[in-house]
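Enquirer: Here's a structure for you.
The values are calculated or read from the model by the stated rules, or taken from the named source; none is laboratory data. None of these values were measured; they are calculated from a predicted model. Virtual Cβ from ideal backbone geometry, glycine too; neighbours counted across all protein chains shown. Ligands, DNA and RNA are excluded from the accessible area calculation, which covers all protein heavy atoms including side chains. Shrake-Rupley method; radii C 1.70, N 1.55, O 1.52, S 1.80 Å.
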Number of protein chains: 2
Amino acid sequence: MDKLGNTIKKIKTVDSSLIEKTQHHLDNLTKPRGSLGLLETLAKQIVAITGNDKPLIKNKTIFIMAGDHGVTEEGVSAFPKEVTVQMVYNFLNKGAAINVLAGHAGAEVVVVDMGISTEVRSQKSEVRNFKDKKINFGTKNMVKGPAMTRDEAIRSVEAGIEVFEEQLINGLDLAGCGEMGIGNTTSSSAITAVMTGKSVKDITGRGTGIDNKSFLHKVEIIEKAIFLNNPDPRDALDVLSKVGGFEIGGLTGIILAAARENIPVLIDGFISGAAALIAYKLQPIVKDYMIAAHCSAEKGHKIILDYLGLKPILDLNLCLGEGTGAVLAMGIVEAGVKILTQMATFKNASVSGRN
Amino acid sequence: MDKLGNTIKKIKTVDSSLIEKTQHHLDNLTKPRGSLGLLETLAKQIVAITGNDKPLIKNKTIFIMAGDHGVTEEGVSAFPKEVTVQMVYNFLNKGAAINVLAGHAGAEVVVVDMGISTEVRSQKSEVRNFKDKKINFGTKNMVKGPAMTRDEAIRSVEAGIEVFEEQLINGLDLAGCGEMGIGNTTSSSAITAVMTGKSVKDITGRGTGIDNKSFLHKVEIIEKAIFLNNPDPRDALDVLSKVGGFEIGGLTGIILAAARENIPVLIDGFISGAAALIAYKLQPIVKDYMIAAHCSAEKGHKIILDYLGLKPILDLNLCLGEGTGAVLAMGIVEAGVKILTQMATFKNASVSGRN
């Protein structure tokens, strides 16, 4: 608990006095005031987060936290749970969507076994990109009891903080959340229902693509898990342990550590959003360090964004996870920062001002 | 007229049989079906446009067409008209927003004098990036008569086609529209009103940032120009000549030439959208080659997108022009193509399919 408690304690509010100063500089650049919309907003947020009026985004990392879910034995997913570990190998072999998009964005991918139900055999060459932080071999089935113990919940968050700290040594200016875990939209729906107070039916989506009958079954399973475990919405660790997942705990750690280190963190889709809810409940000011990458096609995601008051950068009808939305948004965040730091002023460029 | 007529004649419908084939390939990749949303749609469109099932986007160019507008003497803009040429120098000195964003996206910027009201002195070193296609020293004031002659309108479109052809020699896989011209939201509002039949008041926005009084004056000026010139909406060249601009004609040429050469073209904001309307009216099938980069904060732009049935990639509250939205969207288009061509299949990656 020391690592988690200390991390939470060290998170400070961002320096919002820098926002006005940055807007003043943006207004001197050769463009009509405010005409770069969200790019300007992002530039201001990055300055406020980093405390640097000339931020440089050089090192970008997507953290893919992977874990299995005992609740998959209830038949809530379109894919078998073996896909979790199979996709981890796909990440390490650079064949997945996130690898392609990270290559495009110039971002590094770090894959973490937070709690896959089998051992992961990683090659020596992959050491930098694979981390074994396994808390357990998958969570327990949450319709039969808590998904994990409170101690496991804490350890999963602390493992996420550790992963972040290890990557920080390699250089890190912009972080992105990603995940893999068959069954994790079920867990995320439960977390979101408990945290926001919205109904399970309004939150739950089709995950990787289930049919109508399976959808109704999924809703029933989530309602049952919440009823049985009765998680306390005021206690984020209680919610995480009873209906969460190890990868969600890991992402919570990534978000908290990013805030502690004054590094902006891109929230990906629905599952990353559930982790953001847990992090927010543990320390509300962490919100200022979050950037919503996109609005997922998974319908519960919008409920999370509205609850946190985050405006997403992209809306591309994605629902893949892995950090795909986060890595696409990295390019837009960088664009905003470059606008701030590389454009000419009206004076330097000898361009006339307004009439 | 030969160049324009021949170009229009050579534009063929895209091969839509390739769309289904491409979706089949996308469905074999290691991700749930359709989970990459708009990225998949873009990949399919690029295959259909290029006729290449493994498209490669290597050379990207933003064409910035610049021209002045006689109607600025009516006081419709927040900036003096000298800013058009001053910004052209800023483009050539790489100090503008489009330079920064093009550098970020790895795109080339080609700046074209389509009809600036003064001579542009370009340096030898800038020859590749600057082209003199001046049709005239700015358009005439459209509240006193046609903005240009019909012959000038044709020559402006043909100059755009020429610029495209010249760049094609350097290699070109993805084109983007950009523009600079103080007063050109006034001209674009007039074109949009005539072409879509919507009211001037519903279309007209604040351009680079005019106040309420100037806004009402701007609406009045546009209504007056349309009343006086009575452009025929069935005759795109009549509309372009009476209430258009040289840079808008140039962009029309870029769009038509891109379609003729089976190259995808990103439509930027409101002014590029007005050029897209002209191109569409000259040859409706050109629409299949257009990709809407973003939805501008300039309100008439949404009316154009709806009229053409185009769904924008980004919505970042931009209203700068220059091609800034187009160049930001290039990264997303490329991401879609890379997903199609670089991801592993379920079979290759030994990942299990659906239950």
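Enquirer: Is it fair to say B:N93 is polar (S, T, N, Q), within 24 Å of A:V337 (Cβ to Cβ) and under 20 Å from the mean Cα position of the chain (by Cα)? So that I can check it myself, show each step before the final result.
Expert: On the way: polar (S, T, N, Q): yes; within 24 Å of A:V337 (Cβ to Cβ): yes; under 20 Å from the mean Cα position of the chain (by Cα): no.
No, not satisfied.
Enquirer: Where the second residue is of a type in the set (D, E) and the first is under 14 Å from B:V88 (Cα atoms) and lies in region A:339-355, which pairs have Cβ atoms under 6 Å and are six or more apart or on separate chains?
Expert: Pairs that qualify, where the first residue is under 14 Å from B:V88 (Cα atoms) and the partner is of a type in the set (D, E), are A:S352/B:E82.
Enquirer: Only residues that are free of Cβ contacts under 8 Å to residues at least 60 places away in the same chain and more than 8 Å from chain A (Cβ to nearest Cβ): list them for region B:316-336, please.
Expert: Once the filter is applied, which keeps residues that are free of Cβ contacts under 8 Å to residues at least 60 places away in the same chain and more than 8 Å from chain A (Cβ to nearest Cβ), region B:316-336 yields only B:G325.
Enquirer: Within region A:1-82, which helices (runs of 4 or more DSSP H) (wholly inside it) include 2 or more residues that are closer than 30 Å to A:K140 by Cβ and among the charged types (D, E, K, R)?
Expert: A:2-10
Enquirer: Please verify whether region B:42-49 includes one or more residues that are within 22 Å of the chain's Cα centre (by Cα) and within 13 Å of chain A (Cβ to nearest Cβ). Step through it out loud before you land on a result.
Expert: The initial filter retains those residues of region B:42-49 that are within 22 Å of the chain's Cα centre (by Cα), namely B:42-49.
Narrowing the set further to residues that are within 13 Å of chain A (Cβ to nearest Cβ) leaves B:42-43.
Yes: one or more hits.
Enquirer: State all residues of region B:45-64 that are surrounded by fewer than 17 Cβ atoms within 10 Å (Cβ to Cβ), more than 23 Å from B:E166 (Cα to Cα) and in contact (Cβ under 8 Å) with a residue 60 or more places away in the chain; if no residue qualifies, say none.
Expert: Answer for region B:45-64, where residues must be surrounded by fewer than 17 Cβ atoms within 10 Å (Cβ to Cβ), more than 23 Å from B:E166 (Cα to Cα) and in contact (Cβ under 8 Å) with a residue 60 or more places away in the chain: just B:K54.
Enquirer: Is it fair to say A:L101 is within 8 Å of another protein chain (Cβ to nearest Cβ), under 22 Å from the mean Cα position of the chain (by Cα) and in contact (Cβ under 8 Å) with a residue 40 or more places away in the chain?
Expert: Working: within 8 Å of another protein chain (Cβ to nearest Cβ): yes; under 22 Å from the mean Cα position of the chain (by Cα): yes; in contact (Cβ under 8 Å) with a residue 40 or more places away in the chain: yes.
Answer is yes for this residue.
Enquirer: Confirm whether A:S117 is farther than 21 Å from A:D268 by Cβ, of a type in the set (S, T, Y) and open to solvent by 40 Å² or more (accessible area, probe 1.4 Å).
Expert: Considered against the rule, which asks whether it is farther than 21 Å from A:D268 by Cβ, of a type in the set (S, T, Y) and open to solvent by 40 Å² or more (accessible area, probe 1.4 Å), A:S117 comes out as no.
Yes/no matrix, rows are residues, columns are (1) touching a helix residue (DSSP H, G or I) at 6+ places or on another chain (Cβ under 9 Å); (2) within 21 Å of A:I62 (Cα to Cα); (3) outside the structural domain of A:I8 (by TED's automatic domain parsing); (4) β-branched (V, I, T):
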position: A:I278; (1), (2), (3), (4): yes, yes, yes, yes
position: A:D288; (1), (2), (3), (4): yes, yes, yes, no
position: A:H301; (1), (2), (3), (4): yes, yes, yes, no
position: A:D306; (1), (2), (3), (4): yes, no, yes, no
position: A:C319; (1), (2), (3), (4): yes, yes, yes, no
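Enquirer: Looking at (1) touching a strand residue (DSSP E or B) at 6+ places or on another chain (Cβ under 7 Å); (2) facing chain A (nearest Cβ under 8 Å), which one does B:I57 not meet, given that it meets all the others?
Expert: Condition not satisfied by B:I57: (2).
Enquirer: Quickly run through region B:1-37 and pick out the residues that are under 18 Å from B:S350 (Cα atoms) and hydroxyl-bearing (S, T, Y).
Expert: B:T30
Enquirer: Continuing with the same structure: For region A:212-220, does any single residue satisfy the condition of being more than 14 Å from chain B (Cβ to nearest Cβ), closer than 26 Å to A:D2 by Cβ and either touching a helix residue (DSSP H, G or I) at 6+ places or on another chain (Cβ under 6 Å) or surrounded by fewer than 24 Cβ atoms within 10 Å (Cβ to Cβ) (or both)?
Expert: No; the residues of region A:212-220 include none that is more than 14 Å from chain B (Cβ to nearest Cβ), closer than 26 Å to A:D2 by Cβ and either touching a helix residue (DSSP H, G or I) at 6+ places or on another chain (Cβ under 6 Å) or surrounded by fewer than 24 Cβ atoms within 10 Å (Cβ to Cβ) (or both).
Enquirer: Taking the stated definitions as given, is A:N229 open to solvent by 10 Å² or more (accessible area, probe 1.4 Å), at positive phi, among the polar types (S, T, N, Q) and touching a helix residue (DSSP H, G or I) at 6+ places or on another chain (Cβ under 9 Å)?
Expert: Working: open to solvent by 10 Å² or more (accessible area, probe 1.4 Å): yes; at positive phi: no; among the polar types (S, T, N, Q): yes; touching a helix residue (DSSP H, G or I) at 6+ places or on another chain (Cβ under 9 Å): yes.
The answer is no for A:N229.
Enquirer: Right, here's the next one. Return a yes/no flag: does region A:304-312 have any residue that is facing chain B (nearest Cβ under 9 Å) and either under 30 Å from A:I203 (Cα atoms) or surrounded by 24 or more Cβ atoms within 10 Å (Cβ to Cβ) (or both).
Expert: no
Enquirer: Let me ask something additional. I need the full set of residues from region B:200-211 which are part of a helix (DSSP H, G or I) and open to solvent by 20 Å² or more (accessible area, probe 1.4 Å), in order please.
Expert: Of everything in region B:200-211, those that are part of a helix (DSSP H, G or I) and open to solvent by 20 Å² or more (accessible area, probe 1.4 Å) turn out to be B:K201, B:D202.
Enquirer: Of the residues B:K31, B:K94, only one is surrounded by 24 or more Cβ atoms within 10 Å (Cβ to Cβ) and within 14 Å of another protein chain (Cβ to nearest Cβ); which?
Expert: B:K31
Enquirer: Does region B:147-183 hold any residues that are crowded, with 20+ Cβ neighbours inside 10 Å and among the polar types (S, T, N, Q), and which are they?
Expert: Correct list: B:S156, B:Q167.
Enquirer: Are any residues in region A:337-355 open to solvent by less than 30 Å² (accessible area, probe 1.4 Å) and more than 9 Å from every other protein chain (Cβ to nearest Cβ), and if so, which ones?
Expert: A:V337, A:L340
Enquirer: Just checking, how many residues over region B:284-299 are open to solvent by 10 Å² or more (accessible area, probe 1.4 Å) and of a type in the set (A, V, I, L, M)?
Expert: 2
Enquirer: Identify the residue in region B:65-82 that is more than 14 Å from every other protein chain (Cβ to nearest Cβ) and of a type in the set (A, V, I, L, M, F, W, C) and, among all such residues, is surrounded by the fewest Cβ atoms within 10 Å (Cβ to Cβ).
Expert: Top of the filtered list is B:V71.
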